[in-house]
Every structure is written in structure tokens, then in C-alpha cells.
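Presented below is the structure to which this report refers.
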Amino acid sequence: MSKAATVESIAQREPGMQSASEALDPITVEVIRSFYQSTARQMRNTLVRASFNPIIYEMIDFSLGIYNRDAELIAEGPGIPFFMGTLTFTIRHVVEYIGIENIEEGDVLLSTYPYWIGSHSQDAAVIRPIFVDGKIFGYTAAKAHWMDLGAKDIYGTDTTDIWQEGLQLFGVKVMKRGKLDREIVDIVRANSRMPDGVVGDLTAQISCCNYGAQRIGDLVKKYGAATVEAAVVRILDHGERIARQAIAAMPDGEWSVESAMDNDGIRQDSVPLKATIRISGDEITVDTTGSAPQQVGPVNSPFPSTVSAIRLVMKMIIAPNYDANEGFFRPLKVISPQGSIFNPRAPAPVFLYGWSAMIMGESLFRIIAKIAPERSVARSGGDLGGVLFSGYLPDGTFFAGGADEGCGQGASCDQDGENVLIMYSLGESSNVPAEIMEERWPVVMEKYELWQDSAGPGRFRGGLGVRKQWRALADLKLIGTIEQTKSPAWGVDGGKEAQPNDMFISAGLPHERRIGKVSGWILPEGERLLIQTGGGGGWGDPLERDPSLVLKDVIGGYVSLESSLRDYGVVISGSEGSYALDATATEETRRKRRRAA
């Protein structure tokens, strides 16, 4: 089938083959779609307001959504989009395990099993079946990171099986017919170093899912189950149509890309990753064959997370301005051989599952830059700059905290990359403000600044990373998850690489040490930690960048005088506060370099 014929057939197949959905007017469909979206956002607000730990209410380390009876996504609340594609798998696995015939109205389900939730055990998933007329009509679900669930550490960078990563619950009823099961809650409480906070976060998830279920029940009472279901068919079919049209507009073919992780957390060898995109008509396949086998360390990605990472990138490429739903992903097929890093066999460790999946996912933009550059970007800094720490207060109370950081974003074909944004896969997530860190934990922030010259030069330069330094006010047990210290962000179409990520323990002292992944390192009271997150890659030849923009970057402190000349061939005279562009010298310098090349 030709590309033109593919698009034509899509248009003729206008969503909603069923007579009920065809008869439904578009205004009612849009009202119902908006109601679902509004409900998902209000579920988010409920979770943020009711949660106990900053990792949820500040960092937004969660995802939630509303699903139909087949566990297809209808609407999601702003959170971590990387999680969202996993919850379909979670709902289906847990419902099958418990048995749909055994689920009653008012039941709420809980799972922490990594190979079903697609994450480490601390990303606990709560599921609330929605009943209409005695039958399951759909589900609300929320997955959120709990600070501790009995793992060997509060965050595992060196685990070798899933039992070292926390309490495993396949699927249990944490509420039965509307009543909280105290035995299950006590099991959770007994397996956490921070029981009050974890149980508080569990009940916050239950509350947000119950709220969502109540709202959808109200919607059904207003319009009737048949009308709501018919509208959902139209909503999902519309997403599919948009996706197929975008894919059909790209050329058919097959392309591969390779990337690598620094190590697997146990061994120091790099871990090779590979992905192949195949486009045929209005369908796309992503195949991770050729990637490393499952690893000894915890960088393995359960298949649900592999699929979710690829879905997220696909959505960014084909339909970035639409609210996500299951329809957008119907034209996508994901292939990952079992026993590989992207489809491991239990009990392989998975605590750092997100890093392998995110790195592979972002590498797909390198392919898209070749075949549809207007839909792509250069690579970002490629990491979260994540550091966690724990210890004991003078009264013996255990505490744990930490934060992620933004990195530089890759440039596109028509604009510079943004400075210091949380990596794309975490979406609505954010850093923890210095004031919150200092109020909650024994640390004091000493430095927080844009990292000059960290961005990849280009006609459009990448975004800058950040330099963050804090001092310990007590002995802290550190866990670092820093990745991509060996692989700087790549540029596109002649754009240059950026500076990679770095972390330094005991910064500024003779025994300063540069590290990446680390678990259990003690940072003594009074010593410092320095984090540097990488910049984004550049796009296009740096010698084609508008000299006035380079001058502006120098004045703003983004680019140094040395870099302006070395990387951009721009000659700037004067000193700080009185910089000026020497246009004649710049033109001559660039002409000589082009001639030499």
C-alpha cells in the first residue's frame, strides 16, 4: 500500500465503527474527554496534597491515570510519563492474578512486583476497579515512589536480585469492599525504615484512586454507560488516526542506532544498547535486538518499562501536542528478546531499570533527526543527576532524602535547547528546592548555578547543565545514580557534543573522588558533594551561529570568551560589563576556518 493510499484509507475509516459511537455528536465526545482529563488532573492534586514525602509532593515521582475495562489508557494526570505506559501491564497482570471474578465493589488492589509494575518495588502501584451495575467498567490507577520498602538500601545501585530491592507483592487487596485491610498495611509498615511516611503515601494513592472512581461514576450517572463507552471508543480511535497519519508521512525503511551505559552498577564495563526502527506504511516497529543480555547489576528494564519508554518517545515525535491515550500506540510494535537487558527474566535485578530504557529511548531521536528532522532534537544531558542520602538524627530517628536535577536539553533544527530541565522521561517531575532540602534534611546548599560552557556548540546550541554543591551537616550515607559520564550528548548536522555528567565526593579536598553509581559511601559531616549535569547537544555548524547570539551568550555567562572564539569563531573584545562584537575579525576568522576545513 502506498503512503497516499494509507492516509486515504485512514480518513475513510473515521473513528467509531460501532453504530453507537458513530451516532454520538462530537460535542458530547469532547465534553466526556475533557471530563476524563479533568478527573485525572484532580486525582493528581489529591495525591500531591495528601502524600507525606517530598519525592511525591515536590519531585512529582508518580504517575496516574484512568483506564477502560480492557486496561486501555483514556486519560493521564501530569506526572512521570515514563511510568504511564506500564500501568496497562500492571492492571492486566494483577487482575488476572487475583481473578476478575474475585474482585468486588470497593476493593483496592496493590502490587510491588517489579516484572508486573515495570519498575523497582518501591514504585508501588494502586488500582481501583470502577463498578457500574455490578460489573467492572474501568479502573483508576496510581504508581508512586515510596522512600523505603525494606530493600538493602533506600535506593539500589548494586543489587543482584529483586529480593535485595524490597518487599514483593504480586497483587493483594489493600481495601476489601471499602474497608482498609490492616494486615496488609501492617506488612507494608513492618517492611519499611520509614513506616509512617510510606503508609501515608499508600493512603494518599488510595484516596486519589477512590476520588477518580467516584468522578467517573458521576459521569456515567449523567450520560449513561453506553454513551460514555461510545465516547471512549471515539477518543481512542481519534488518537490512533493522528498517530497513523504522522507515521505515514515519514519514509518507509529501517534504521539502527547504538548507545551505551557507563556500567551495570556491579561491573565497570560499558553496557551496549541498540535499537532499530522499522516503518512500513502507517505502522512502526522498534526492535531492541542486539542490546546486551540481562545484566548482573540492576540496570535491567522489565518489558513493561521498555515498552513505556518507547511509547513516550513515539508520542513526543508523532503527536506532542495531544493528550495521551491508548489509541496513539496502536500502530506501535515493540520487540525485545527475552533474557536481554530490555526483557530480563526474574529474578534479575531491576532497580535502575529507568536508566537503560531512557538512554535507549532517547537514542531514537538520532534516527528521527535523519528522516524527519523537524520532529527531532539533539540529545540532552541524558541523566537525572540523582543523589540520595540517609542517616540518623541526634534523637535516633532515621531519615532519608535526595533529589534529581535538570540537565541541558538538546537543540532542535530551529532553536536552542533549554537550560536545566528534568530529563524528558520524567515529564512533570522537578528538583527539590534548596529551602526544602535544608529544612527537611541536615544539608546546606553552597552553590547552585548554570554550568558555563557545558552546552554543545552549534548553529543552535544545546542547553546548559547545572553545578550544585552542598555540605553535609551530619554523617550521610550516599547513594549516587549518575550515568552518562562517558557518553556526552551528541549533536546533529554538524552540532557538537556537550560536557558529560559528573559527581565529586569530598569536593575541594585532597581526597576528592569522582564517581558515578555508588552505594553506601559515607560523606562525613562538614564535607561537600558537587554534582555537574551535562549539557545538551548542538544542532548545525557552530560557525553558522549568529554572532550576535554568541555575544548575548557571553554577556549572560552561558559561553566563555574562550569558547566563543574556539567553538564559534566569534571575536569579542572588551571585558565583563563592556563586551563588544568585532564583526570584521569574526568574519575573517570564520572564513579561514572554513577554508582550512
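The values are calculated or read from the model by the stated rules, or taken from the named source; none is laboratory data. Just so it is clear, the structure is predicted and the values come from calculations on it, not from any experiment. Please note: Cβ atoms are built from the backbone with ideal geometry, for glycine as well, and neighbour counts cover all protein chains shown. The accessibility values were calculated without ligands, DNA or RNA, using every heavy atom of the protein model including side chains. Shrake-Rupley method; radii C 1.70, N 1.55, O 1.52, S 1.80 Å.
Things to note:
- Put simply, of Asn300, Asn343 the only residue that is touching a Pro at 6+ places or on another chain (Cβ under 8 Å) and open to solvent by 10 Å² or more (accessible area, probe 1.4 Å) is Asn343.
- Checking the stated criteria, Ser38 turns out to be at pLDDT 95 or above, closer than 13 Å to Ile216 by Cβ and surrounded by fewer than 15 Cβ atoms within 10 Å (Cβ to Cβ).
- Taken over the stretch 290-311, the residue count meeting the criterion of being part of a loop (DSSP other than H, G, I, E, B), out of contact with any strand residue (DSSP E or B) (no Cβ under 7 Å at 6 or more places or on another chain) and not aliphatic (A, V, I, L, M) is 5.
- Residue in the stretch 84-103 that is among the hydroxyl-bearing types (Ser, Thr, Tyr) and within 15 Å of Tyr353 (Cβ to Cβ) present: yes
- Listed by position, the helices (runs of 4 or more DSSP H) inside the stretch 160-263 whose residues that are surrounded by 21 or more Cβ atoms within 10 Å (Cβ to Cβ) and touching a Ser or Thr at 6+ places or on another chain (Cβ under 8 Å) number at least 1 are 195-223, 225-248.
- Failed item in (1) surrounded by 21 or more Cβ atoms within 10 Å (Cβ to Cβ); (2) more than 30 Å from Gly361 (Cβ to Cβ); (3) at pLDDT below 95; (4) not hydroxyl-bearing (Ser, Thr, Tyr), with Gln18 passing the rest: (1)
- Yes/no for Ala124 being in a loop (DSSP other than H, G, I, E, B) and either buried (at least 24 other Cβ atoms within 10 Å of the Cβ) or in contact (Cβ under 8 Å) with a residue 12 or more places away in the chain (or both): no
- Any chance Ile136 is more than 26 Å from Gly327 (Cα to Cα), surrounded by fewer than 21 Cβ atoms within 10 Å (Cβ to Cβ) and in contact with a strand residue (DSSP E or B) (Cβ under 8 Å, 6 or more places away or on another chain): no
- Residue check, Gly538 surrounded by 13 or more Cβ atoms within 10 Å (Cβ to Cβ), under 28 Å from Gln469 (Cβ atoms) and out of contact with any helix residue (DSSP H, G or I) (no Cβ under 8 Å at 6 or more places or on another chain): yes
- Where strands (runs of 3 or more DSSP E) fall wholly inside the stretch 376-450, the ranges with 2 or more residues that are surrounded by fewer than 21 Cβ atoms within 10 Å (Cβ to Cβ) and acidic (Asp, Glu) are 443-450.
- Residue that is farthest from the chain's Cα centre (by Cα), among those in the stretch 207-260 that are farther than 16 Å from Asp133 by Cα and among the acidic types (Asp, Glu): Asp252
- Condition check for Arg459: touching a helix residue (DSSP H, G or I) at 6+ places or on another chain (Cβ under 6 Å) and open to solvent by 20 Å² or more (accessible area, probe 1.4 Å): yes
- Boolean, Leu551 is surrounded by 16 or more Cβ atoms within 10 Å (Cβ to Cβ), of a type outside the set (Gly, Ala, Ser) and within 40 Å of the chain's Cα centre (by Cα): yes
- Assessment of the stretch 554-568 against the conditions (surrounded by fewer than 21 Cβ atoms within 10 Å (Cβ to Cβ), farther than 14 Å from Gln452 by Cα and of a type in the set (A, V, I, L, M, F, W, C)) yields at least one matching residue.
- Cβ-Cβ under 6 Å pairs, at least 6 apart or on other chains, the stretch 83-100 side at pLDDT below 95, far side open to solvent by 10 Å² or more (accessible area, probe 1.4 Å): Met84/Glu76; Gly85/Val307; Gly85/Arg311
- Pairs, first closer than 18 Å to Gly138 by Cβ in the stretch 320-332, second open to solvent by 20 Å² or more (accessible area, probe 1.4 Å) and assigned to a loop (DSSP other than H, G, I, E, B), C-beta under 8 Å, six or more apart: Asn325/Glu72; Glu326/Glu72
- Qualifying residue in the stretch 201-217 (condition: out of contact with any Lys or Arg (no Cβ under 8 Å at 6 or more places or on another chain) and over 30 Å from Arg69 (Cβ atoms)): no
- Taken over the stretch 237-285, the criterion of being of a type in the set (Gly, Ala, Ser) and more than 30 Å from Gly297 (Cβ to Cβ) is satisfied by Gly239, Ala243, Ala246, Ala248, Ala249, Gly253, Ser280, Gly281.
- Pair list, Cβ < 7 Å and 6+ apart or interchain, from the stretch 482-498 residues that are without any contact (Cβ under 8 Å) to a residue 60 or more places away in the chain to residues that are in a loop (DSSP other than H, G, I, E, B) and aromatic (Phe, Trp, Tyr): Glu497/Trp490
- Any hit, the stretch 312-330, residues being more than 19 Å from the chain's Cα centre (by Cα), farther than 22 Å from Pro293 by Cβ, in a loop (DSSP other than H, G, I, E, B) and not hydrophobic (A, V, I, L, M, F, W, C): yes
- Unique match (being touching a residue at least 60 places away in the same chain (Cβ under 8 Å) and within 18 Å of Asn501 (Cβ to Cβ)) among Arg440, Arg379: Arg379
- Residue count for the stretch 68-82, restricted to those that are within 18 Å of the chain's Cα centre (by Cα) and in contact (Cβ under 8 Å) with a residue 60 or more places away in the chain: 8
- Pro78 meets the conditions (1) open to solvent by 10 Å² or more (accessible area, probe 1.4 Å); (2) modelled with pLDDT of 95 or more in every case but one. The failed one is (2).
- Among the residues making up the stretch 341-359, a single one is out of contact with any helix residue (DSSP H, G or I) (no Cβ under 7 Å at 6 or more places or on another chain), assigned to a helix (DSSP H, G or I) and among the aliphatic types (A, V, I, L, M): Ile359.
- Unique residue being closer than 30 Å to Lys477 by Cβ and either small (Gly, Ala, Ser) or modelled with pLDDT under 95 (or both) when the list is Gly178, Gly217, Gly197, Gly212: Gly197
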